[in-house]
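Contents: one structure, followed by commentary.
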Amino acid sequence: MTNLQTGQRIRELREIHNYTRERFAEKIDISVKFLYEIETGKKGFSAETLYRISKALSVSSDYILHGEEIKHRNAESIVCALEMLEPKQVEKMIEILHILLDICEKF
C-alpha cells in the first residue's frame, strides 16, 4: 500500500460518485488542500479521516487502503443517488424499489 495508490482510489471513487473536490472535502470535514494532498499521495491521513472517507464513498476501509474488489458497486451508486434526494423523494424511491423487488421475485 502506498499513499499514491490509496489517493488514486479515493479520487476515482470520488469521481464515480460525482463529487467535486470541494464538495467531498466539505462532506468529510477536511480542507480542499488536504484532500488534494491525499489524492496525489503527498500526505497520509488518520483512522478517523479514513472512516469518514469510506463512509462517504460507501466502500470499506480495506478497499481504500488495499484495493480489494468492491462487491456491490451498483448498491453504492444507488446509495449515493438517494443521499442527494429530499426525504419525501427517498420515501417514494423506496416504494419503487420494493415494487421492483416484488416484480423480480416473480421471475
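Of all residues in segment 28-56, those satisfying the criterion of being among the small types (G, A, S) and exposed (fewer than 12 other Cβ atoms within 10 Å of the Cβ) are S31, S46, A47. For R21, the criteria (1) modelled with pLDDT of 95 or more; (2) in contact with a Leu (Cβ under 6 Å, 6 or more places away or on another chain); (3) farther than 19 Å from Q5 by Cβ hold in every case but one, which is (3). Within the option set A81, A25, being surrounded by fewer than 16 Cβ atoms within 10 Å (Cβ to Cβ), of a type outside the set (V, I, T) and within 30 Å of I94 (Cβ to Cβ) holds for one residue only, A81. Note on segment 1-22: residues that are open to solvent by less than 70 Å² (accessible area, probe 1.4 Å) and either closer than 16 Å to E83 by Cα or not basic (K, R) (or both) total 8.
The values are calculated or read from the model by the stated rules, or taken from the named source; none is laboratory data. The shown structure was predicted, so the numbers you read here are calculated from the model rather than taken from an experiment. No Cβ is skipped: glycine too gets one built from the backbone with ideal geometry, and neighbour counts run over all protein chains shown. All accessible areas refer to the heavy atoms of the entire protein, side chains included, with ligands and DNA or RNA removed. Shrake-Rupley method; radii C 1.70, N 1.55, O 1.52, S 1.80 Å.
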